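*Asks:* Once you've had a glance at the structure underneath, I'll fire off some questions.
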Amino acid sequence: MSMDKKTRTLFEVFCTRAFELRQFSALETNPSFSLKGSIGIEGISVTTTLPGKEQLQAFSSVLRKFYSDRDKLSFRKVRNAARREAVASAPGVVSTLDELGRLYKEATQQGAVLFKIGNRSYSVPELLDLWFNAEIIHCDLDKFREWTALTDGLLEGIVIFEILVALQNTASVVMELANLIQANLLSQST
């Protein structure tokens, strides 16, 4: 069965955009960030080593198109299209696509860390939503105020660190999906 032109174009654009993540290989495969903490007589001490804000924003901007379910290139939409195509033309990769779906969910929903301000707790997906909507894509004023309150002082490095871990893991799964599509679906439909 031959892949339709619309699906082929979707896969080609997804792969092209996913491979743009390679320019951020330092963030993706060899992280240049760390988090160290200690508890002493004077209280809790946390030290973070993070990439520059501009590098983090650029990486986040490229990755966001795969994260947002409203985007045509969202990981979920493309993975679902790849799964439908694989059932018809490459059944051997269906289980791998299912596993990538699980890994993506794990990457974007991960984190036992909950941040609490007042009576409100924040999970990693909520942090990502705040990050994208207050700092990266546009400035939602309510989310900006919330983000500013959350990242004020000691928590800033920890919050950014948690976001980086989620972004790095998400980028890795996006790249795996692009590689699978290119090797198993696009190459077979030419």
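The values are calculated or read from the model by the stated rules, or taken from the named source; none is laboratory data. All figures in this text were calculated on a predicted structure; none of them were measured in a lab. Reconstructed Cβ throughout: ideal geometry from the backbone, glycine too, with neighbour counts over all protein chains shown.
*Asks:* List the residue pairs whose Cβ atoms are under 8 Å apart, where the first residue sits in region 140-151 and is under 16 Å from Asn119 (Cα atoms) and touching a residue at least 12 places away in the same chain (Cβ under 8 Å), the second is surrounded by fewer than 15 Cβ atoms within 10 Å (Cβ to Cβ) and not small (Gly, Ala, Ser), and the two are 6 or more positions apart or on different chains.
*Replies:* From residues that are under 16 Å from Asn119 (Cα atoms) and touching a residue at least 12 places away in the same chain (Cβ under 8 Å), the pairs are Ala149/Ile117; Leu150/Ile117.
*Asks:* Also: Name every residue in region 66-113 that is basic (Lys, Arg), over 14 Å from Ala166 (Cβ atoms) and within 17 Å of the chain's Cα centre (by Cα), in order of residue number.
*Replies:* Of everything in region 66-113, those that are basic (Lys, Arg), over 14 Å from Ala166 (Cβ atoms) and within 17 Å of the chain's Cα centre (by Cα) turn out to be Arg70, Lys72, Arg76, Lys77, Arg79, Arg102.
*Asks:* Okay, next question. What are the pairs, 6+ residues apart or on separate chains, where a residue within region 99-120 that is under 23 Å from Phe66 (Cβ atoms) and surrounded by fewer than 14 Cβ atoms within 10 Å (Cβ to Cβ) has its Cβ under 6 Å from a residue that is at pLDDT 75 or above and among the β-branched types (Val, Ile, Thr)?
*Replies:* Nothing qualifies.
*Asks:* Can you pull out every residue in region 83-98 that is within 29 Å of Leu127 (Cα to Cα) and buried (at least 16 other Cβ atoms within 10 Å of the Cβ)?
*Replies:* Within region 83-98, Thr96, Leu97 qualify.
*Asks:* Quick one: Ala178 ticks every box in (1) free of Cβ contacts under 8 Å to residues at least 12 places away in the same chain; (2) under 19 Å from Ser74 (Cβ atoms); (3) of a type in the set (Gly, Ala, Ser) bar one, so which box is it?
*Replies:* (1)
*Asks:* If a residue must be assigned to a helix (DSSP H, G or I), free of Cβ contacts under 8 Å to residues at least 24 places away in the same chain and over 12 Å from the mean Cα position of the chain (by Cα), how many such residues does region 121-135 contain?
*Replies:* Adding up the residues that qualify gives 4.
*Asks:* Every residue in region 136-154 that is surrounded by fewer than 17 Cβ atoms within 10 Å (Cβ to Cβ) and in a helix (DSSP H, G or I), please.
*Replies:* Once the filter is applied, which keeps residues that are surrounded by fewer than 17 Cβ atoms within 10 Å (Cβ to Cβ) and in a helix (DSSP H, G or I), region 136-154 yields Leu141, Asp142, Phe144, Arg145, Thr148, Ala149.
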